[in-house]
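This is the structure, below, for whatever I ask next.
Readers should treat all values here as calculations from the given coordinates under stated rules, not as data from a laboratory. The model shown is predicted, which means the values in this text are computed figures rather than measured ones. Cβ coordinates were reconstructed from backbone atoms using ideal geometry, including for glycine residues, and neighbour counts include every protein chain displayed.
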Amino acid sequence: MRFLFDENAGKEQLTLKGESFKYIIKVRRHQVGEVLGFRRVEESSELYRYEIVSIDGRTATLVLRSKANEEVKAKKQLHIGWCVVDSKSVEKVLPLLNELGVSKITFIYCDRSQKNFKPDFKRYERILESSMQQCGRSEMMRFDEVKNIETFIDAHPETVVFDFCDEVLEDGSGINTILIGSEGGLSEAERTLLKAQKVVRLDTPMILRSETAATAIASKILL
């Protein structure tokens, strides 16, 4: 654990109880005298360091020792336009995309998206908070959704498309926004709409699931 989110971070004294107490004291086995990092979700660039000064059966008391602006984020920005898939597929790879440093995901209702799938941003944010505490990232990933690919391209004309083609993605340093289709890929009508966009693929003969493609592409571009 790199830090812990706490809504009271920044105050002179913190009291840990409930799940936070169980995790810090019972699971991680931190002791009196140790210094831990805390952040607030609303101001996540600020890192507060607290010393554990006492522990009883159900609570731990910590005292603020220092405060600093310590941002931890990727060196590059990557915005993924992701055609809507089952939220379970998104949740499975969201911690990986967070660790890689993806800055934003916009969910797009494409021709082959099942319309009953709705992105659950609140749940995604809870998953991100847990991931951030583990990997140390201080910048919260952003989410958005749009009604179709045309709307997304109008807003982001520089978008590169991931699809079947001849051009292999060798160097992703110049890519800031990439579009990934849903299960089953893009429809022919969508490919016609996207004919002016640059299209790339990964150097593999295998068919990738949507969430696998998102993780592999983010790795290629950001690392």
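Please get the size of the charge dipole for segment 4-69, origin at its Cα centre, with Cβ charges of +1 on Lys and Arg and -1 on Asp and Glu, quoted in debye to the nearest 20. Please report the intermediate quantities before stating the final value.
Working: 12 positive and 10 negative charges, 54 e Å.
The dipole of segment 4-69 has a size of about 260 debye.
Right, next: Which Cα, out of Ser131, Ala214, Leu194, lies furthest along the positive dipole direction of segment 79-222 (beta carbon charges, K/R +1, D/E -1)?
Positive-end residue among those listed: Ser131.
Using +1 at the Cβ of each Lys and Arg and -1 at the Cβ of each Asp and Glu in segment 79-222, identify which of Leu97, Asn176, Phe152 lies farthest towards the dipole's positive end.
Comparing the listed Cα positions along the dipole, Leu97 ranks first.
Now for a different question. Run the dipole for segment 79-222 about the Cα centre, Lys and Arg Cβ at +1, Asp and Glu Cβ at -1, nothing else charged, and hand back the magnitude in debye, nearest 20.
On the way: 18 positive and 23 negative charges, 90 e Å.
Its charge dipole is roughly 440 debye.
Could you pull out every Cys in the chain that lacks a partner Cys with its beta carbon under 4.7 Å away?
Cys135, Cys165
Let me ask you something else. Rounded to the nearest 0.05, what FRET efficiency do Ser45 and Lys88 give with R0 = 25 Å and r taken as the Cβ-Cβ distance? Could you check? It would help to have the intermediate numbers written out before the result.
On the way: r = 31 Å, r/R0 = 1.25.
Here the calculated transfer efficiency is 0.20.
Against the longest principal axis of the chain, how steep is helix 87-100, in degrees 0 to 90 to the nearest 10, with axes from Cα atoms?
70
How high is the FRET efficiency between Phe121 and Ala68 when r is their beta carbon distance and R₀ equals 35 Å, given to the nearest 0.05?
Numbers: r = 30 Å, r/R0 = 0.85.
Plugging the Cβ-Cβ distance into 1/(1 + (r/R0)^6) gives 0.75.
Next question. Exceeding 25 Å between C-alpha atoms, which entries from my cross-link table qualify? They are Lys17/Lys104; Lys17/Lys75; Lys88/Lys147; Lys76/Lys198; Lys76/Lys115.
Pairs exceeding the cut-off: Lys17/Lys104; Lys17/Lys75; Lys76/Lys115.
Let me ask something else about it. Pop out the ³J(HN,Hα) list for segment 38-47 in order, Karplus 6.51 cos²θ - 1.76 cosθ + 1.60 with θ = phi - 60°, rounded to Hz; leave Gly and Pro as x.
After applying 6.51 cos²θ - 1.76 cosθ + 1.60, I find 9, 9, 10, 4, 6, 9, 6, 6, 7, 10 Hz.
Using each residue's phi in segment 14-29, evaluate 6.51 cos²θ - 1.76 cosθ + 1.60 at θ = phi - 60° and report the 3J(HN,Hα) Karplus result to the nearest Hz, with x for Gly and Pro.
10, 10, 8, 8, x, 5, 4, 5, 4, 5, 6, 8, 7, 8, 7, 6
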